[in-house]
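The values are calculated or read from the model by the stated rules, or taken from the named source; none is laboratory data. Remember, it's a predicted structure, so these values are computed and weren't measured experimentally. Virtual Cβ from ideal backbone geometry, glycine too; neighbours counted across all protein chains shown. Heads up: the accessible areas ignore ligands, DNA and RNA and are worked out on the full protein's heavy atoms, side chains in. Shrake-Rupley method; radii C 1.70, N 1.55, O 1.52, S 1.80 Å.
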Amino acid sequence: MVATLTDQARHLAEQQLATALPRRWSHVQAVGMKAEAVASILADKQDCDVLIAAAWLHDVGYAPGLATTGFHPLDGARWLRHVRFDDRVAALVAHHSCAQLEADERGLRSDLDAEFDREQSAVADALWYVDMTTGPDGQDYEVTARLDEVRSRYGPDHIVTRFIDRAEPDIVAAVRRTEDRLKAAGNQPM
């Protein structure tokens, strides 16, 4: 039996994160499950599969041994490319949750942009939504509360806080677009 894209993604994420980073794995599991519920707003089955796979793999770049630059979206996407995972999933991982602005802060924007195309679509918005409305232990958050949680965890002078401050309008806009799509489909935002 051939494993589906989402089954492969879930397996790879679990293999890389479950033991090494159990708290991160809790977040990833919740994001993956939320993506499975949110995917119904996407008309195309392939888009649904890509969203769910990207959700399961979005933080794989934190895994020990994969973290080479210290910038998890790029590290994860490079590893996915190395293991010949789906190119679109790798690109979504590379650019998830406004990663291009954090790449700016880290001096990695030209690498990110040169190596992975940035998709702007309902799929990309939904990936940002499931990530940025899920806390570090898998709990649900309203997006602005989640951004505040990230700021408080890292502190005022950290590079991640600077990134979040710059990215907030774009992240909130993507989350609101997804909430609108959920409402239009007759679903309540999570």
Residues that are in contact (Cβ under 8 Å) with a residue 40 or more places away in the chain and on the phi < 0 side of the Ramachandran plot, drawn from the range 134-150: THR134, GLY135, PRO136, ASP137, GLN139, ASP140
message: Can you tell me which residue is nearest to ALA91 (Cα to Cα) among those in the range 101-150 that are of a type in the set (Ser, Thr, Tyr) and in a loop (DSSP other than H, G, I, E, B)?
response: SER121
- line: Among ASP131, ASP113, the single one that is open to solvent by 20 Å² or more (accessible area, probe 1.4 Å) and at negative phi is ASP113
task: Among the residues of the range 151-188, write down those that are part of a loop (DSSP other than H, G, I, E, B) and touching a residue at least 24 places away in the same chain (Cβ under 8 Å).
output: ALA185, ASN187
Criterion: touching a Cys at 6+ places or on another chain (Cβ under 7 Å) and in contact (Cβ under 8 Å) with a residue 60 or more places away in the chain - qualifying residue of ALA35, ALA54, ALA30, ALA39: ALA39
query: Say we look at the range 78-89 and pick out the residues that are among the hydrophobic types (A, V, I, L, M, F, W, C) and surrounded by fewer than 24 Cβ atoms within 10 Å (Cβ to Cβ); which of these is nearest to GLN46 (Cα to Cα)?
result: PHE85
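A quick yes/no check of all residues on (1) modelled with pLDDT under 95; (2) hydrophobic (A, V, I, L, M, F, W, C); (3) in contact with a helix residue (DSSP H, G or I) (Cβ under 6 Å, 6 or more places away or on another chain):
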site	(1), (2), (3)
PRO64	yes, no, no
GLY70	yes, no, no
PRO73	no, no, yes
LEU80	no, yes, yes
HIS95	no, no, no
